[in-house]
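K.L.:
I'd like to ask you about the structure that follows.
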Number of protein chains: 2
Amino acid sequence: MNRLENIRFVLSNTSHAGNIGGSARAMKVMGLTKLHLINPTDHPSSEATARASGADDVLYHAGIHDDLDQAIAPCTLVMGTSARNRGMDIEVIELQQAAKMMVAAASSEQVALLFGQERFGLTNEEMQRCHYLVRMPANPEYASLNLAAAVQVAAYELRMNWLAVAQQVAEERSEEVPFATAAKMQGFYEHLFQVMHEVDFMQAENQASLAEKLRMMFNRLRIEKHEMDILRGFLSAVNKNIKK
Amino acid sequence: MNRLENIRFVLSNTSHAGNIGGSARAMKVMGLTKLHLINPTDHPSSEATARASGADDVLYHAGIHDDLDQAIAPCTLVMGTSARNRGMDIEVIELQQAAKMMVAAASSEQVALLFGQERFGLTNEEMQRCHYLVRMPANPEYASLNLAAAVQVAAYELRMNWLAVAQQVAEERSEEVPFATAAKMQGFYEHLFQVMHEVDFMQAENQASLAEKLRMMFNRLRIEKHEMDILRGFLSAVNKNIKK
């Protein structure tokens, strides 16, 4: 399996069709083909097809989603492009480091790189799904990287890292750590929050901030599958034993 | 003198105005400002200005030339983007190596990176002005790198090398994250195991292996103090609400 096939680019709420087409071309030229779109404003469109040029197959096979959780469901590593974490407890790393990590993980796992809406970037909700935020390099006096250009730079850096790994004569065996997927994480959070409500630890007032803190903590951890089973088992046991 | 100011991008016979604007933006976002155009088909144009976005100053100050020799006159190192040397005795190097050489030379010399016409690339005449040809990385099955995208990738690689040389990457100070002490962790584990016993999730038989797995998981996490407070609060709430 080609590692690059395990890396998906997820474009959220893209407003310009040209950027979608440009992104498809930018990806394919670097050997990346998995494009996922969340609520694109204008798709499919002739403009995107024109900009995609010979990469219209990437466009044609793009996954279209209503919400982020669906778009990243099978992924165990989710990164979001953003220069700032807006005070949230998410580590911000440089693109080069991020690409290295993504290529390493992609030997056996599904990986997502998330791009926010052109003007506003990632929402707080979107950031809360990310294990890391990725800072794209830019001139501090003019950091206005166009979306398709950001996709191009990220795709290039991924290809460079992929080539470096591929060149190693003896490839390090991946450790086959089976991390929990985003879908499993989502199920876990729902269970956890439900139990927290039942024991009156989580209330309407503190729900949002508590949920954010818990997501930040567990995303940092990158829970393995068997650990997830333990946590779910514990929550179920609590479920069975609470009063009322 | 900023080394990046000694590196000029020279676009020859560009036919699409959008590519000129896109290139200006792609350059500026990486801190490059010296754009030179040889016989652009359509310049100046509103389309280029629109695509340049906030980089219209790069566009406005671009040098316009009738021929290549004029465009590269002050340069001591000239590189051309092309995957093949068409049998000419010009060394072809990879972009990463080229960027390193250009940044090194730019400490005291003027350097040019040349981009050919969109469809046909560099002419033989143009190649003959080059000290090196630069191979842009690309998927061998689809190597159709758009001109502005090629400019973006080259500008990015130059910026990365410039940052490395100048060592201007401000090292992130460790943020003095107040992690939980070992004693606090021990208290947390005791509390957690006690609750797990009470809900019959932990029993004498599985206690040792479960404790080990949980310790491994939470140690990997390095819990912060405020997160510890949340977890302890949750456990206390469960305590209060269990039957018996």
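Derivation of every value follows stated rules applied to the coordinates shown; laboratory data play no part. Here the structure is a predicted model, which means the values were calculated and not measured. Note: ideal-geometry Cβ built from the backbone for every residue, glycine included; neighbour counts use all protein chains shown.
K.L.:
Take chain B, connect every pair of alpha-carbon atoms lying under 10 Å apart with a spring to form a Gaussian network, then pick out the residue of B:His131, B:His61, B:His197 with the largest mean-square fluctuation.
P.N.:
B:His197
K.L.:
Using a Debye calculation, one point per C-alpha and no hydration shell, please list log10 I(q)/I(0) for the range A:182-241 at q = 0.19, 0.22, 0.29 Å⁻¹ in order.
P.N.:
Result of the Debye calculation: -0.71, -0.93, -1.31.
K.L.:
Which distances, shortest first and in nm, link B:Arg215 to the matching position in the other copies, using label points set 7 Å out along Cα to C-beta?
P.N.:
Going from nearest to farthest copy, the values are 3.3 nm.
K.L.:
Angle between the Cα long axis of helix A:147-167 and the longest principal axis of chain A, 0 to 90 degrees, nearest 10?
P.N.:
90 degrees
K.L.:
Could you work out the pair-distance distribution P(r) of the range A:50-197 from its alpha-carbon pairs, with 10 angstrom bin width and percents rounded to whole numbers?
P.N.:
10, 34, 38, 16, 3, 0
K.L.:
Right, something else. Can you pull out the GluC sites (Glu not before Pro) in the range B:1-110 that DSSP calls coil and that have at most 12 other Cβ atoms within 10 Å?
P.N.:
Numbers: sites: B:Glu5, B:Glu47, B:Glu91, B:Glu94, B:Glu109; in loops: B:Glu109.
Sparse-neighbourhood loop GluC sites (Glu not before Pro): none present.
K.L.:
Let me make sure I get this right: for the range B:19-135, a, b and c are the square roots of the gyration tensor eigenvalues over alpha carbons, sorted descending. Under 1.5 in a/c it's rounded, otherwise prolate if a/b > b/c, else oblate. Which is it?
P.N.:
Working: a/c = 1.80, a/b = 1.44, b/c = 1.25.
Verdict is prolate for the range B:19-135.
K.L.:
Let me ask you something else. Which distances in nm, rounded to one decimal and ordered from shortest, link the label point of A:Gly54 to the equivalent label points in the other identical copies, with labels set 7 Å from Cα toward Cβ?
P.N.:
With the label placed 7 Å along Cα→Cβ, A:Gly54 yields 3.6 nm.
K.L.:
Right, here's the next one. Quick one: work out the % antiparallel among DSSP beta bridges in chain A, nearest 5.
P.N.:
On the way: 3 of 27 bridges.
Percent antiparallel among DSSP bridges in chain A is about 10.
K.L.:
Can you list, shortest first in nanometers, how far A:Val165 lies from the same residue in the other copies, with each label 7 Å from Cα toward Cβ?
P.N.:
3.1
K.L.:
Using a 10 Å cut-off around each Cβ, can you sort B:Arg135, A:Arg129, B:Arg220, A:Arg25 from fewest to most neighbouring Cβ atoms?
P.N.:
Details: B:Arg135 17, A:Arg129 23, B:Arg220 13, A:Arg25 27.
So the residues, fewest neighbours to most, are B:Arg220, B:Arg135, A:Arg129, A:Arg25.
K.L.:
While we're on this one: So what is the 222 nm mean residue ellipticity for the protein assembly as shown from helices alone, if each DSSP H run of at least 4 adds -39500 (n - 2.57) and you divide by all residues, rounding to the nearest 500 deg cm²/dmol? If you can, show how the numbers build up before the last one.
P.N.:
Values: 20 runs with 227 residues, N = 488.
Using -39500 (n - 2.57) per qualifying helix, the result is -14000 deg cm²/dmol.
K.L.:
Exactly which GluC sites (Glu not before Pro) in the range B:189-221 are in a DSSP loop and have at most 15 other Cβ atoms within 10 Å?
P.N.:
Values: sites: B:Glu190, B:Glu198, B:Glu205, B:Glu212; in loops: B:Glu205.
Taking the range B:189-221 and a limit of 15 other Cβ atoms within 10 Å, the loop GluC sites (Glu not before Pro) found are B:Glu205.
K.L.:
Counting other Cβ atoms within 10 Å of each Cβ, which chymotrypsin sites (Phe, Trp or Tyr not before Pro) in the range B:55-123 have at most 13 and sit in a DSSP loop? Show your work: numbers first, answer last.
P.N.:
Values: sites: B:Tyr60, B:Phe115, B:Phe120; in loops: B:Phe120.
Passing both the DSSP loop test and the Cβ count: B:Phe120.
K.L.:
Compute the separation of the alpha-carbon centres of the range B:1-20 and the range A:17-64 and state it in Å as a whole number.
P.N.:
A separation of 27 Å, based on Cα centres.
K.L.:
Sticking with this structure for a sec: How big is the protein assembly as shown along each principal axis, measuring the range of its Cα positions in Å and listing the largest first?
P.N.:
Here the Cα extents, ordered largest to smallest, are 91, 43, 40 Å.
K.L.:
Same structure again: Antiparallel DSSP bridges in the protein assembly as shown: what percent, to the nearest 5? Mind dumping the intermediate values first?
P.N.:
Values: 7 of 56 bridges.
So the antiparallel bridges amount to about 10 percent of the total.
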